[in-house]
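This report refers to the structure that appears directly beneath it.
What follows is calculated from the coordinates using simple rules that are stated; it is not laboratory data. These figures come from a predicted structure and were not determined experimentally. With ideal geometry, Cβ positions are generated from the backbone for all residues, glycine too; neighbour counts draw on all protein chains shown.
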Amino acid sequence: MAEEELARSARLNLEPLDEEQMQEEGKPKMPDAYEFRLLLAEDFGERVEWAMNWFFEQEIGFDRGREWGFAQSAVIPIWLEHERLKTGVEMQYRNFTDKDTRADPLHSFVVGPTIAWKPTHNTRVDVSPLFGCTDDSPRAQVFVVFSILFGPGGETGAEAPASTRNR
């Protein structure tokens, strides 16, 4: 089966394409876009870690979608040895429009608990189940992020909210 796929993909197709096929194959699958981000983070009294991530994305082609918003989290260590376990709250607001819906944007607001666990000095697992608060929001979103810190490491500090780390 795999050999057939390889042979099929390696074959040179010299048949002319009709106009519909050319339109489908000629367009890129994803629109071009640009994005700006601003990450702010602070430790308050060496007990509360706060982070906020602002973002703005504008598609240049297709339906010219525009998305902006922010996410923020606040966590406190509950297992103080090397801050191995932290818990807190996270929220995310997103506003999305495209060229036809600029006057009626989608407003998504989700909020929920977050937990961060450091099984080793250089690894971290974050889990953030967030629940929708508006009609445009999903009922639930779960973000699970596994991070590896390469190198000698350094002092621990505030991390970006889990819901925006894969943007």
Positive-end residue, region 34-164 charge dipole about Cα centroid, Cβ charges, pick of Pro113, Phe96, Phe55: Pro113
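Mean separation of Cα pairs under 8 Å and 6+ residues apart, divided by the residue count of region 34-164: what relative contact order is that in percent? The partial results should precede the final answer.
Details: 325 pairs, mean separation 26.7, N = 131.
20 percent.
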Give the Debye-formula value of log10 I(q)/I(0) at each listed q (0.13, 0.18, 0.22 Å⁻¹), with one equal scatterer per alpha carbon of region 32-84, two decimals each. -0.49, -0.67, -0.80
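Considering all alpha-carbon pairs of region 34-164, what whole percent are spaced by more than 18 angstrom? Before the final figure, lay out the partial values.
On the way: 5031 of 8515 pairs.
Pairs farther apart than 18 Å: 59 percent.
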